[in-house]
Structure formats: C-alpha cells, structure tokens
Protein chains: 2
Amino acid sequence: MTGHAPFSAAEYDRRLTLTRKAMQKAGLDAVFITDPSNQAWLTGYDGWSFYVHQGVIVTQSGEPIWWGRNMDKFGGRRTCWMGHDNILGYGDHYVQSSEVHPMQDLADVIKSRGLEKAHIGVEMENYYYSAKAHEVLKTCLPDARLADATGLVNWQRLIKSEDEIDFISKASGITDKVMQVALERAEPGMRKNDLVADIMHAGITGVGDDWGDYPAIVPLTPSGLDATAAHLTWNGDKLREGEATFFELSGCYRRYHAPLCRTIHLGTPPDEMKRAEIAQLEGISAGLDAARAGNLTCDIANAFMAVMAKHGIERQGRMGYPIGLSYPPDWGERSASIRSEDQTVLQAGMVFHFMPALWMDTWGLETTETILITENGSAKPLSNVERKLFVKG
Amino acid sequence: MTGHAPFSAAEYDRRLTLTRKAMQKAGLDAVFITDPSNQAWLTGYDGWSFYVHQGVIVTQSGEPIWWGRNMDKFGGRRTCWMGHDNILGYGDHYVQSSEVHPMQDLADVIKSRGLEKAHIGVEMENYYYSAKAHEVLKTCLPDARLADATGLVNWQRLIKSEDEIDFISKASGITDKVMQVALERAEPGMRKNDLVADIMHAGITGVGDDWGDYPAIVPLTPSGLDATAAHLTWNGDKLREGEATFFELSGCYRRYHAPLCRTIHLGTPPDEMKRAEIAQLEGISAGLDAARAGNLTCDIANAFMAVMAKHGIERQGRMGYPIGLSYPPDWGERSASIRSEDQTVLQAGMVFHFMPALWMDTWGLETTETILITENGSAKPLSNVERKLFVKG
C-alpha cells in the first residue's frame, strides 16, 4: 500500500475478488472502468479530475492500472494503493482537443499489456465514458471485442463491508448535524443562500474527527412552488411564512454518503399537507417493515404505495436507490432501484436511500431515510432526526 | 418568457440566432444538446438533474424544446423561458434501468416533430451523452443521420454579451471575497476542512445582493506534497509551518464563474519557490500583454513559456480556457485552449481563466487570473486580489 487509500489491503482485495468473479461470469478478459466511484472503490483514487478522461483497467491478475492525465498521475500516487508502475498518464495535448483523443493513448496502453485481442468490458452508460470515447477506442482496437459492462462493478458494491458501514454511519452523523442546522435556522426573512451557506459549513466542518468531504449533490432546498420540482437548487430569495421548504441533504465522510430529507413549513400547514404527512409516515413505516433480508426491493415500494392508495394519494415511480461511495453528479449507486419493477433480493449490509417523497401540484413533502438492511427484522434507519413534517411559527 | 430565466428575451434570441447560423454552416436540420451549460445558455434551464438523461432540441424555427425526466419538467417550467408545450418529460421507469432507455422516448419526440429523416447533431464528447445513449438513439432513428456537433454551441459562447460580463464580474467579486477569507484564515494548526467550510460559506453568502451559487468545481486546496498534484481536494489534516498551500477557487453568480488561484506559504518559502514566483509573475505580465484582440490564444501561452525558459523553468501543456456559464464537473467552456497548439483569434468580450500554474517535484505554485479581452490593449484581470506568493509567519 503506497498511497493514502482509506481502506485496508484486505478490503481492496475483497473488492478485486468480487469484480474478477463477475468478469469471469461475463466472459471478460479485462474491464476499463470510468465511473469515478468504481475507480475509487477499486483503487482509492480520489481527486476532482474526472472532467478529463481517466479510468482503471482490471484483468484477472496483478494490480489494477490507474490511467489518467499526466498531471493527475501525481494525485494517483498520493491516493491509490497500487505501486507507481501501475499509475499511468497521458500528455496534456490530448486534453479537450478536437484533433486527438485520450482513448488513442489508452489503446496503446491496452496493446502494451497484450490485450489487443481481448474481450474488454466498458461502461457504456456512464457520465465519464462519452459516445466519442467509445468510437475512438473501438477504432484504435480493431481486434479487441468491446462489450457493455455497465453496472458490473456497481453491483459488487451493493453489500457493504463493516468498514464501509462505519464510514456511512459517520456520514450519517454529519447529515444529522447538517439537518439540525437547516431546521433550526430556517425562518421567514432568511435568504435561502445564507441558509445553504450555513448548511455547507456544518457539513464540511463535520463532527469531531469525522471531517466533512463534499457531497456528490449540492443541498437541494426548494420552497413553495419551487418544491413541486424535485431538483431545483437555491437562490437569494427570502424564506416566507406560509411556505414549505424541503431539505435534501447528505453529510459525506471520505466519499461515503447518508442522504436524508425533511420538510419544514413556516406557519400553519394546509390540511391537505397534514393529511399527506400522516399518510407518508405510515407508508414509510410500512416500507421499513418490508425492507427485510430475503424480501425484494419492489416489496418496499409496493408496501409504501399500498398505504398511499389507502389514503387516496397516487405515488408511482422510483422510491430509492443504494448509496455509499459517490462522486458528482449522483450519490446513488446506479444498480438496484426501489420501485415496483425491481426484484433485487435484499441482503444484510445493503444500504439504501429510501426516498418516498411526494411532489404535489402546489407543494412538495420530502421525508426520507437512509436505511441499513439487517440480518433479522426490519431495516434500520441511520438518522436520529425526528421523522415528521416540521412546523415553525 | 414564462419562467425565471436570468436573461432577457433579446439575449436568448441572440444565442439562438448564433446557434442556428452554426447549424446551417454544418448542414444540420436539428441539434440535440446534452451539455447542461449549453442547455442553460439556450433555455435558462437550471437544476441538479443532469445525472439523468435530458437535453434541448433546436431546429431552424420555433422555440427550443427542453426534454427530461417527468419530475424535472416542473423545474423546466420554473426556469426555462419557453412555453410549457415545449417542456417535455419521460416516465420514471426509464431512469437508470437496464431494460429500457430514455433515448427511446427521445426518438419518439424527434419523430413526432417530423425529424425522423433529419440530419441531427449530437454532442459525442460530453459527460452527459453516454456511449449507450448514442447507440440507442441511432438504433431508434434508423433513417436519421446523426453527426458529431460537439462544441457547436460551446464556440458560440466564446464572446460574452454585456449582461454575461456583468454576471462574471459579480462572480469575480465573490471570488475576491472567498480568496481573502482563505488567505486571512489559513494558519498552522487549522484543519483544512475547517478552512474549506469557511471558504464555502463566504462563497454562498456572496456579496450584498449578489447571492452565491455553487461553483462547478469544489475548492481545490492542497498543501505540501499534495500540491504537486493538480486536482486533490481536502482532508482533515492541519495546515503546517513550512508548507505551501494553493487555493483554486471561484465565486459563482447564477452559474457564471470567475476562477482565481493564489498560493500561501506558512513560514519562509524556499529560495527555489521565491525564484519561481518572480519568474511566474513576469510570465503572467507577458501573457496579459499578449492577450490582445487580434492575437491568438497560443500567443498567450508562448509569451508565458518564453519568460519561463529565460528563467530556466520548463512549463508546457495547457495554460487556460474560456470560462463563463458552467455546471459540474468542469468550469471550463471546452472550446478554445490557451496552449501552443491553439490558434483561436482573440476578440473583445472573450473571458479566459489564464492558468499558468507550476507543479514541481515537491511543491506547487498556482497564481492565475480570470481575464477579459478588451477592444484595445492588454487583457483586463477581473480580480482585485494582489498577485504574488503570499507568505505568513
């Protein structure tokens, strides 16, 4: 272990072994991994350099190879566990050029390792593997067989090790601090951006020795009509009496997340929102109870929807996703989903953001939990923040 | 104008006209734009929803069409200037599914607009247009001709309008505030994450009515050996006497940026670093002087490198990029580059992050400027922060 990777050699070994088994099952000689979360999970690599092409090559033997821009090789040496011989860089003239493409250099690396005729998995559906990258790599490796390995590594991340659960629990401690700050300081007349500044400050200072890292999504904090939309960020408007604001926030500990949503209403909420609160809380309890080892991801969604239907509220779609290690733009792990179409078998050690938010015509009500699937019984919510619609004034 | 888009109808009209001219020149009937910065530049769309497939369709007539996830349609209505009929959504079952893909829905939209046989530009080299997306779209539009339109919109953004320069100037005011906080509070014994928390707080509170938005890159603040790497983020270690820390920071005003780097050394810097400081400052002056309307981007890089060579320092590679409106993971505009291979003609109204940082074997020295190309004379740095190596204690 040469760099400052956050986990033990045994933990990285576990991850490599899982990945290699999945590769064997898929008949792949090698994979080229571009998802920054998968790269970090396999090698420890950590840096804000994913805006240029970079990735990790895994074969059935030896250390993984981290490959990226020359200047980021030094970040690789500081953060990856592999030897420096397995941290490779390409020249700066490849960066954002319309003449040459970094995948030309990657093809040379792949050939130099004797993989020019190999069956190589690439992540076809990833932010950091562009349509152009695929086209260039295919052209430069005419004898290789490129196959879609989207999700191959992501699915190996689904069951967390004890060390990872420890990291997520630390992130959850930071989340609770951040949410308390949001709920305590929100009041009519406060500018939204000033509130977000306090939220970010609380998250980055962290809790004691658990220093805060940057979450993969910025604070989502819309109010009133803006809260009918799921993904608006903030502005400089003041919070107003008579409006609900939802907070979708996560602490981050060494790239691990534990998202949480709560909603606050300034002034007396409308009856319709109070009725929705009752239904939502009952639905969440039903969902937690269904979130048991041996059950399926769809059982959680179906349990929640059944309660909603009973209360006359229609809520369909996706209600959550696995979480853990992540980089922008998404803190979900992009493998299973909590939705009626998804039949993933729940197992102890899985961690989900159970996200049964309600977006209505004129307001939004987000109350969610990060939950750990346990050996026995219902899922364990990691947060200690009270589960309810908060009301102030 | 139905939503809260930040610019006037005339400004969006200017942008559409430029884009349509570029489309005509490229022989394109339509473009499908996935770069979130290009989407916002054309339509005003603003939300943290780029982690799912979304984009903007532009043809030669009518309003652009914003297309995304159903739940983000409501964010589109709140932020885009177009009528609600031109804000379209796809079902949640398409999201991160291995069975179906949102591009199937997009293909239906394209067909419904009579474009099934059109010549359509797509951004092949973009974070938000995956290899898989392209494959599915191609398959679903067998009679269309898909062409690479990477950069087509980005190049139209190069010369800023007065309104945009005003936004960038406001961002620069926030940057200066943030940099002053970093330089004032950095001291031996302070935890890096606590310093970053203060930096973020200063940036999001903003300056007066100019409220702070989230920058497209988090604060880069490495110290000592970590500063030999360009893109490491922070941790919970304490700042130490005898180490240099560089700050690469930007304020953000309504998605517009003005990045700036300064370096601080705690304690007396080594002679080698002081000599590099003298060379770097002289090189930056030479670069600013070469950054004149009518000159080329490479002239800036060559002027800087000539001074470095005189001082016996080798510095090659990219030394800057245009900046303005951006979303994560990059605040560069991905069109021109300040490097010896690039021959873009400089024109008044262009704004660059001139970024001639030095990364040496055991330390890094980053001193940079956001610069505006003017009608006459050398470029105007927007920041008021003193240009030097800061030394404390």
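The values are calculated or read from the model by the stated rules, or taken from the named source; none is laboratory data. Just so we're clear, the structure is a prediction, and the values are computed from it rather than from any experiment. Please note: Cβ atoms are built from the backbone with ideal geometry, for glycine as well, and neighbour counts cover all protein chains shown. Just so you know, the surface numbers come from the protein's heavy atoms only, side chains and all, with ligands and any DNA or RNA stripped out. Shrake-Rupley method; radii C 1.70, N 1.55, O 1.52, S 1.80 Å.
Okay, residues lined up against (1) aliphatic (A, V, I, L, M); (2) at pLDDT 95 or above; (3) in contact with a Phe, Trp or Tyr (Cβ under 6 Å, 6 or more places away or on another chain):
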{"site": "B:PHE7", "(1), (2), (3)": "no, yes, no"}
{"site": "B:LEU18", "(1), (2), (3)": "yes, yes, no"}
{"site": "B:VAL31", "(1), (2), (3)": "yes, yes, no"}
{"site": "B:THR34", "(1), (2), (3)": "no, yes, yes"}
{"site": "B:TRP41", "(1), (2), (3)": "no, yes, no"}
{"site": "B:ASP46", "(1), (2), (3)": "no, yes, no"}
{"site": "B:VAL52", "(1), (2), (3)": "yes, yes, no"}
{"site": "B:GLY55", "(1), (2), (3)": "no, yes, yes"}
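All but one of (1) at positive phi; (2) buried (at least 22 other Cβ atoms within 10 Å of the Cβ); (3) not basic (Lys, Arg) hold for A:GLY27, so report the exception by its number.
(2)
Of (1) without any contact (Cβ under 8 Å) to a residue 40 or more places away in the chain; (2) on the phi < 0 side of the Ramachandran plot; (3) not assigned by TED's automatic domain parsing to the domain that holds B:SER326; (4) not in a strand (DSSP E or B), B:GLY89 satisfies all except one. Which?
So B:GLY89 meets the others, but not (4).
Would you be able to tell me the number of residues in region B:159-170 that are buried (at least 17 other Cβ atoms within 10 Å of the Cβ) and either within 14 Å of another protein chain (Cβ to nearest Cβ) or charged (D, E, K, R) (or both)?
So the count comes out to 4.
Kindly list, by first and then second residue, each pair from a residue in region B:166-193 that is at positive phi to a residue that is open to solvent by less than 20 Å² (accessible area, probe 1.4 Å), limited to pairs with Cβ atoms under 8 Å and residues at least 6 apart or on different chains.
Between residues of region B:166-193 that are at positive phi and residues that are open to solvent by less than 20 Å² (accessible area, probe 1.4 Å), the close pairs are B:GLY189/B:LEU239.
Can you tell me which residues in region A:200-229 are more than 21 Å from A:GLY332 (Cα to Cα), open to solvent by 20 Å² or more (accessible area, probe 1.4 Å) and in a helix (DSSP H, G or I)?
A:HIS201, A:THR205, A:LEU225, A:ASP226 - these are the residues of region A:200-229 that are more than 21 Å from A:GLY332 (Cα to Cα), open to solvent by 20 Å² or more (accessible area, probe 1.4 Å) and in a helix (DSSP H, G or I).
Taking only region B:80-128 into account, find how many residues are touching a Pro at 6+ places or on another chain (Cβ under 8 Å) and either within 11 Å of chain A (Cβ to nearest Cβ) or buried (at least 23 other Cβ atoms within 10 Å of the Cβ) (or both). So that I can check it myself, show each step before the final result.
As a first pass, look at region B:80-128 and keep what is touching a Pro at 6+ places or on another chain (Cβ under 8 Å): B:82, B:86, B:90, B:94-95, B:127-128.
Filter again for either within 11 Å of chain A (Cβ to nearest Cβ) or buried (at least 23 other Cβ atoms within 10 Å of the Cβ) (or both), leaving B:82, B:90, B:94-95, B:127-128.
Final tally of qualifying residues: 6.
What number of residues in region A:300-354 are acidic (Asp, Glu) and in contact (Cβ under 8 Å) with a residue 60 or more places away in the chain?
Looking only at that region, the number is 2.
Find the residue count for region A:367-393, including only residues that are of a type in the set (Asp, Glu) and open to solvent by 60 Å² or more (accessible area, probe 1.4 Å).
Selection size over region A:367-393: 2.
Inside region A:318-333, can you point out the residues that are surrounded by 22 or more Cβ atoms within 10 Å (Cβ to Cβ), within 14 Å of chain B (Cβ to nearest Cβ) and under 13 Å from the mean Cα position of the chain (by Cα)?
The answer is A:GLY320, A:TYR321, A:PRO322, A:ILE323, A:SER326, A:TYR327, A:PRO328, A:TRP331, A:GLY332, A:GLU333.
Check B:MET179 against each of (1) within 14 Å of chain A (Cβ to nearest Cβ); (2) surrounded by 23 or more Cβ atoms within 10 Å (Cβ to Cβ); (3) of a type outside the set (S, T, N, Q) and name the one condition it does not meet.
(1)
Output the residues belonging to region A:251-296 that are open to solvent by 10 Å² or more (accessible area, probe 1.4 Å), outside any loop (DSSP other than H, G, I, E, B) and within 19 Å of A:PRO381 (Cβ to Cβ).
Selection gives A:TYR253, A:GLU277, A:ILE278, A:LEU281, A:GLU282, A:SER285, A:ALA286, A:LEU288, A:ASP289, A:ALA290.
Among the residues of region A:334-360, write down those that are at the interface with chain B (Cβ under 10 Å from one of its Cβ atoms), more than 13 Å from the chain's Cα centre (by Cα) and open to solvent by 10 Å² or more (accessible area, probe 1.4 Å).
A:ARG339, A:SER340, A:GLU341, A:ASP342, A:TRP359
Scan region B:129-163 for residues that are over 15 Å from B:LEU18 (Cβ atoms), among the hydrophobic types (A, V, I, L, M, F, W, C) and in a loop (DSSP other than H, G, I, E, B) and jot them down.
Hits for region B:129-163 are B:LEU141, B:ALA144.
If only one of B:GLY208, B:GLY224 is more than 9 Å from chain A (Cβ to nearest Cβ), over 24 Å from A:VAL178 (Cα atoms) and free of Cβ contacts under 8 Å to residues at least 24 places away in the same chain, which one is it?
Going through B:GLY208, B:GLY224 in turn, just one is more than 9 Å from chain A (Cβ to nearest Cβ), over 24 Å from A:VAL178 (Cα atoms) and free of Cβ contacts under 8 Å to residues at least 24 places away in the same chain: B:GLY208.
What pairs come out if I take residues in region B:233-244 that are more than 8 Å from chain A (Cβ to nearest Cβ) and pair them with residues that are aromatic (Phe, Trp, Tyr) whose C-beta lies under 6 Å away, six or more apart or interchain?
Close Cβ pairs satisfying both conditions: B:ALA244/B:TRP363.
State all residues of region B:65-86 that are touching a residue at least 40 places away in the same chain (Cβ under 8 Å) and of a type outside the set (Ser, Thr, Tyr); if no residue qualifies, say none.
Scanning region B:65-86 gives B:ILE65, B:TRP67, B:GLY76, B:ARG77, B:ARG78, B:CYS80, B:TRP81, B:MET82, B:GLY83, B:HIS84.
Filter region A:6-18 down to residues that are free of Cβ contacts under 8 Å to residues at least 24 places away in the same chain and closer than 14 Å to A:GLN156 by Cβ and give me whichever is most open to solvent (accessible area, probe 1.4 Å). I'd like the intermediate steps shown before the answer.
Residues of region A:6-18 that are free of Cβ contacts under 8 Å to residues at least 24 places away in the same chain, as a first pass: A:10, A:13, A:17.
Within this subset, residues satisfying the condition of being closer than 14 Å to A:GLN156 by Cβ are A:13, A:17.
Working: A:ASP13: 91, A:THR17: 66 Å².
Among those that are free of Cβ contacts under 8 Å to residues at least 24 places away in the same chain and closer than 14 Å to A:GLN156 by Cβ, it is A:ASP13.
I'm trying to understand the selection: among the residues of region A:19-50, which are charged (D, E, K, R) and away from chain B (no Cβ under 13 Å)?
Those that are charged (D, E, K, R) and away from chain B (no Cβ under 13 Å): A:ARG20, A:LYS21, A:LYS25, A:ASP29.
If you check A:ASP194, A:ASP148, A:ASP143, which single one turns out to be of a type in the set (D, E, K, R) and in the same structural domain as A:TRP363 (by TED's automatic domain parsing)?
Exactly one residue qualifies, and that residue is A:ASP194.
Taking strands (runs of 3 or more DSSP E) that fall entirely within region A:305-393, which contain at least 3 residues that are under 23 Å from A:ALA216 (Cα atoms)?
A:320-322, A:351-354, A:369-372
All but one of (1) open to solvent by less than 20 Å² (accessible area, probe 1.4 Å); (2) facing another protein chain (nearest Cβ under 7 Å); (3) out of contact with any Cys (no Cβ under 9 Å at 6 or more places or on another chain) hold for B:ASP194; which doesn't?
Every condition holds for B:ASP194 apart from (1).
Could you tell me whether region B:132-151 includes any residue that is modelled with pLDDT of 95 or more and touching a Phe, Trp or Tyr at 6+ places or on another chain (Cβ under 7 Å)?
no
Say whether the condition of being closer than 27 Å to A:THR221 by Cβ and in contact (Cβ under 8 Å) with a residue 60 or more places away in the chain is met by at least one residue in region B:19-35.
yes
Going by the conditions given, is B:LYS138 within 26 Å of B:LEU372 (Cα to Cα) and either open to solvent by 10 Å² or more (accessible area, probe 1.4 Å) or touching an Asp or Glu at 6+ places or on another chain (Cβ under 6 Å) (or both)?
Spelling it out, it is not the case that B:LYS138 is within 26 Å of B:LEU372 (Cα to Cα) and either open to solvent by 10 Å² or more (accessible area, probe 1.4 Å) or touching an Asp or Glu at 6+ places or on another chain (Cβ under 6 Å) (or both).
One residue is enough: does region A:230-238 have a residue meeting the conditions among the small types (Gly, Ala, Ser), closer than 26 Å to B:ARG191 by Cβ, in the same structural domain as A:ILE168 (by TED's automatic domain parsing) and modelled with pLDDT of 95 or more?
No; the residues of region A:230-238 include none that is among the small types (Gly, Ala, Ser), closer than 26 Å to B:ARG191 by Cβ, in the same structural domain as A:ILE168 (by TED's automatic domain parsing) and modelled with pLDDT of 95 or more.
If you go through region B:58-77 one residue at a time, do you hit one that is hydrophobic (A, V, I, L, M, F, W, C), within 12 Å of chain A (Cβ to nearest Cβ) and surrounded by 19 or more Cβ atoms within 10 Å (Cβ to Cβ)?
yes
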